[in-house]
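The values are calculated or read from the model by the stated rules, or taken from the named source; none is laboratory data. As the structure is a computational prediction, the values presented were derived from the model and not from experiment. Here the Cβ is made from the backbone with ideal geometry for all residues, glycine too, and neighbour counts use every protein chain on show. All accessible areas refer to the heavy atoms of the entire protein, side chains included, with ligands and DNA or RNA removed. Shrake-Rupley method; radii C 1.70, N 1.55, O 1.52, S 1.80 Å.
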Amino acid sequence: MHVGLLEDDVSIQEMLLLILQDEGYAVTNYPDAEACIAALKEAGKDGMPLPVDLMIVDWRLNGLITGTEVIQHIRDNPYLDTLPIILTTAATFNDMAALQNFHVSLLEKPFAVDDMTTLIKRLSQPQSSN
């Protein structure tokens, strides 16, 4: 499984890279929102495979683009509209309607490593159709 990581807090970024790689995941660390959007923009076009199987996105990013704007770009791509996304934040997130519209899972900081790995495993399981 290939995990995309967009986190601008270097200590959290390094911790997640180590933990995810130790769990056996391949990880692509995007340096900023623009790089992430550019990398995912071509997903699915001309038979290109999806670059990641799951995204972890920080809500408050340095720069002009927020994590929710990155998620909107992802959801606007029909090849990525079902990509599992974990939105992380240290802030109080009150816009739960936006989370439902974006189809993301929220993980508030500080989070336990086990919470992150459990959530990734849950989201990476095939969804049953009822």
Of all accessible surface on the chain at a 1.4 Å probe, what whole percent is carbon and sulfur? 51 percent
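For Thr89 and Glu42, what is the calculated FRET efficiency with R₀ set at 25 Å and r taken between the beta-carbons, to the nearest 0.05?
Result of the calculation: an efficiency of 0.35.
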Would you mind getting the accessible area per residue of the chain, heavy atoms of the protein chains only, 1.4 Å probe, in Å²? 57 Å²
Give me the number: length gained by fully extending Asp53 to Ile19, i.e. 0.36 nm times residue separation minus the C-alpha to C-alpha distance, one decimal in nm. 10.5 nm
Name the shape class, rounded, prolate or oblate, that the alpha-carbon gyration tensor gives for the chain, where a ≥ b ≥ c are the square roots of its eigenvalues, rounded holds for a/c under 1.5, and otherwise prolate holds if a/b is larger than b/c and oblate otherwise. rounded
